[in-house]
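Trainee: Questions regarding the structure given below will be posed in turn.
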Amino acid sequence: MSFAGVIFDMDGVLCDSEDFMAEAAAAMFAETYDVTVHPDEFRPFRGMGEDRYLGGVAKNHGITLDLSVDKNRAYEIFLQRIPGRLHPLPGALEFIASCRARGLKLAVATSADRLKLNGMLPEIGLPHRLFDAIVTGSDVTRKKPNPDIFLTAAKLIGLPAEQCLVVEDASSGVQAAKAAGSRCLALTTSLDAGTLRGLGADWVAGDLAHVPAGIWES
């Protein structure tokens, strides 16, 4: 096995909070700007970080955000809504345990801000101590599809990116993984298998409960 580490995206890989975040963001727009936003309007901006996630929809409605205030309010609503509702995706906990058993270094690299991550990981049964490094959108300037977040995560776990497997689900994430020089396992949480392969994914699976056996033999 040529991998020495695994870097996980969070949303769409370890859990799926997108519906909850879209609900919370739509509620923020209604509360703050008296504008009705449909949760589906956030879909094109998934995986790009919350600045782009909120900002893209705001631009479409001709709204100028007070980004730090509005983002924090959206997070407040989000964190109020996830207890008891947010769960790990199939196979996530077991796959992480198997990676640990193989002696691999583990990292999370998510475009979400740290405030969001801090609320989500414990909720799905993944305490921070399970990972050797955590990198969030708060820690890098250039977000996915730029490779910075994965290069930073690899550096923090003491490995070249080429020795890391990146687990992703979004187009921007797959592109970032390949730009970093990593191989990528893409999950069909957000996109179909053909699209993910077209983006350069090395392997495709429905979830972490169905990872191709050959991934450990490459």
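Trainee: Find, to one decimal place in angstroms, the Kirkwood hydrodynamic radius of region 117-218, where the mean of 1/r is taken over every pair of different Cα atoms and then inverted.
Mentor: Result for region 117-218, one decimal place: 14.3 Å.
Trainee: Hey, what did region 18-81 get for relative contact order, percent, Cα under 8 Å, at least 6 apart?
Mentor: It comes to 43 percent, rounded to a whole number.
Trainee: Using unit Cβ charges (K, R positive; D, E negative) and no other charged atoms, how large, in debye to the nearest 20, is the dipole of region 18-81 about its Cα centre?
Mentor: 180
Trainee: Please report Rg over Rh for the chain, where both radii come from the alpha carbon positions and Rh follows the Kirkwood definition.
Mentor: My calculation puts Rg/Rh at 0.97.
Trainee: Still on this structure: May I ask for log10 I(q)/I(0) of region 18-81 at q = 0.17, 0.19, 0.27 Å⁻¹, from a Debye sum over the Cα atoms as equal point scatterers with solvent left out?
Mentor: Log10 I(q)/I(0), no solvent term: -0.46, -0.59, -1.34.
Trainee: Follow-up question, since we're still on this one. What residue among Val166, Val37, Val135 has the largest mean-square fluctuation in a Gaussian network model of the chain, using Cα springs under 10 Å?
Mentor: Most flexible of the set in this elastic network: Val37.
Trainee: Compute the length gained on full extension between Glu94 and Ala209: take 0.36 nm times their separation in residues and subtract their Cα-Cα distance, giving the result in nm to one decimal.
Mentor: Length gained, Glu94 through Ala209: 40.6 nm.
Trainee: Then there is this: Report, in deg cm²/dmol and to the nearest 500, the calculated mean residue ellipticity at 222 nm for the chain, where each DSSP H run with n ≥ 4 adds -39500 (n - 2.57) and the sum is divided by the residue count.
Mentor: -12000 deg cm²/dmol
Trainee: Let me ask something else about it. Considering the options Val57, Val35, Leu79, tell which one lies farthest towards the positive end of the dipole of region 18-81, charges being +1 on Lys and Arg and -1 on Asp and Glu at the Cβ, about the Cα centre.
Mentor: Result: Val57, furthest along the dipole toward the positive end.
Trainee: Using each residue's phi in region 49-57, evaluate 6.51 cos²θ - 1.76 cosθ + 1.60 at θ = phi - 60° and report the 3J(HN,Hα) Karplus result to the nearest Hz, with x for Gly and Pro.
Mentor: x, 5, 4, 6, 4, 7, x, x, 5
Trainee: Run through region 1-97 and list the trypsin sites (Lys or Arg not before Pro) located in a DSSP loop whose Cβ has at most 15 other Cβ atoms within 10 Å.
Mentor: For trypsin sites (Lys or Arg not before Pro) across region 1-97 that sit outside H, G, I, E and B with at most 15 neighbouring Cβ atoms in 10 Å, the list reads Arg85.
Trainee: Right, here's the next one. So, with +1 on the Cβ of K and R and -1 on the Cβ of D and E, and no other charges, what is the size of the charge dipole of the chain about its Cα centre, to the nearest 20 debye?
Mentor: 620
Each value in this text was obtained by applying a stated rule to the coordinates, not by laboratory testing. What you see is a predicted model; the values in this text were computed from it and never measured. Please note: Cβ atoms are built from the backbone with ideal geometry, for glycine as well, and neighbour counts cover all protein chains shown.
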